[in-house]
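Take a look at the structure below.
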Amino acid sequence: MGELLGEEAPDLPTRPLGGLRDALVEPPSFEKGLRGLRSDSPAVQRSAVRSLARPGNARAVPYLGALLIRSDADARVRLAAAHALGRVGDWRGLEFLRQGSEDPDPNVRFAAALSLGKLRGNDAVALLEGSVMRDGHWWVRYAGAIALGEARNPAAVPALAKALDDDPQWQVRQQAARSLGEYRSRTAMDALGRGLRDSDPAVRYASARELGAFGGLDSVALLQDATELEREELPRARMGASIKQLVSAEEP
């Protein structure tokens, strides 16, 4: 990792003494992956990243993270490292992904956002709610909305509700509605109710579809009120379908 960062004496995580024997004899595939990360060829580096990106492969985290935060590394390599940290899914990648979410390349920030969602913890959600959902590039905020849904963490609901209410890009608001459908809470339902009156028909459609899965008479009331005001054919049809879906679910 020190070689990747260009540091002579970096502060590296230490392995417990009980695991010292295992530290000295790593599987050949792991050693090969580390050698690939040190290559001068971006293609070789990306191949090495893929070989290390196995779910639960926590020992790869510092090496992948070091590659992600190297400002002189090829952007495609940094992007691959960001994706790999999400695939590994270990909380120790959090700080690296935080730095990745501030990368100058929006594609890398996009990948870092998606990977943060796979970590699922409160700290990851806080990072998504903070820097990611305020990113100047809408594509990164879109990834953040996806990640907040995949996090399956109730702490994500306020950020998604705010994105649905306020984001200037309809694609982000649409994804926020979709992601809110992952949470069965009153706050999520109320936000989707407001989404039924969004200026964009795609957002209204998505909000109606997600409300159709919520269940309960409150969802029906929100959809009925919105149907009376809806003039676009597709969202109006989706509202009607969701009402039927909810009513059928309530019938004995």
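Summary table below
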quantity	calculated
Length released on extending from Arg134 to Ser185, taking residue separation times 0.36 nm less the Cα-Cα span	15.9 nm
For Kirkwood radius over Cα pairs in Å, calculated from these coordinates, the label among [x] 19.8; [y] 19.1; [z] 18.3	[x]
Å³ per residue enclosed by the Cα convex hull of the range 167-214	55
Fewest-first sequence of Met133, Met239 by Cβ atoms within 10 Å of each Cβ	Met133, Met239
GNM flexibility winner over the chain from Gly216, Gly149, Gly33 (Cα, springs under 10 Å)	Gly216
Burial ordering of Asp135, Asp123, fewest other beta-carbon atoms within 10 Å first	Asp123, Asp135
Label-point gap, in nm, between Glu233 and Ala202 - each point 7 angstrom along Cα→Cβ	1.9
Helix-only [θ]222 nm of the chain, DSSP H runs n ≥ 4, -39500 (n - 2.57) each, per residue, nearest 500	-19500 deg cm²/dmol
In nm, spacing of pseudo-spin labels at Gln99 and Asp225 (7 Å Cα→C-beta vector)	4.9
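Rule-based calculations on the coordinates, nothing more; no lab input. The structure presented is a predicted model; accordingly, all values stated were derived computationally and were not measured. Glycine also receives a Cβ, built like all others from the backbone with ideal geometry; neighbour counts cover every protein chain displayed.
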